[in-house]
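Before any comments, here is the structure.
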Amino acid sequence: MFECEICLTAQGAKPGSIIPLPYKAVLRTCEILGLRPPYYVSGVGCVFISSSLKWLSWLLLLDITEDPVIRQAVYGIFCGYPRCCIYEYLMHGNLKVALQAYRSKVGKRKDPFSIRKVTGERVVSDRLISWIPCSPNCRISHELVKFYERVCRRRSECPFR
């Protein structure tokens, strides 16, 4: 999943990506795709990758603020998440509660933002997006999924294929 995130960032489809540490190939991947070197924010355990210097000021804000709401909002904006989804996430306060709220909205229906594939004898579920949508019907999230799929299909020279 992180490879796709990095490719989308390199293609300019999203402003940036946040990759958890340790991620061994991140420096080499950034080099291959022509991205700026990863930016490490103290105390987060992640590196931030972007193709543009304009995001540096946002990331510096993360280094100086202790406010968790500002930090979470900046993460979401940096990664190109829909504003409605960022707002909904911030209203719940943490990942676990936000995910439970989303799952209760999905109910027994199939989650439109995940795919199930069979690998060997196991069925694996993959998320198509890296954020928690504000609802299963979030128009912006659906549009972004379609856009990301088009970008990924066009990038036949992706080093991760």
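Tabulated values for the structure
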| item | result |
| --- | --- |
| Residue satisfying all of: in the range 29-50; at pLDDT below 75 and at negative phi; surrounded by the fewest Cβ atoms within 10 Å (Cβ to Cβ) among these | Ser42 |
| Lone unmet requirement of (1) at pLDDT 75 or above; (2) not in a helix (DSSP H, G or I) for Arg71 | (2) |
| Filter result (farther than 22 Å from Phe147 by Cβ and of a type outside the set (A, V, I, L, M, F, W, C)) within the range 58-98 | Asp63, Thr65, Glu66, Asp67, Pro68, Arg71, Gln72, His92, Gly93, Asn94, Lys96 |
| Within the range 80-101, considering residues that are modelled with pLDDT of 85 or more and outside any helix (DSSP H, G or I), the one farthest from Pro133 (Cα to Cα) | Gly80 |
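The values are calculated or read from the model by the stated rules, or taken from the named source; none is laboratory data. Keep in mind the model is a prediction, meaning the values are calculated, not measured. Cβ: placed from backbone, ideal geometry, glycine included. Neighbour counts: every protein chain shown.
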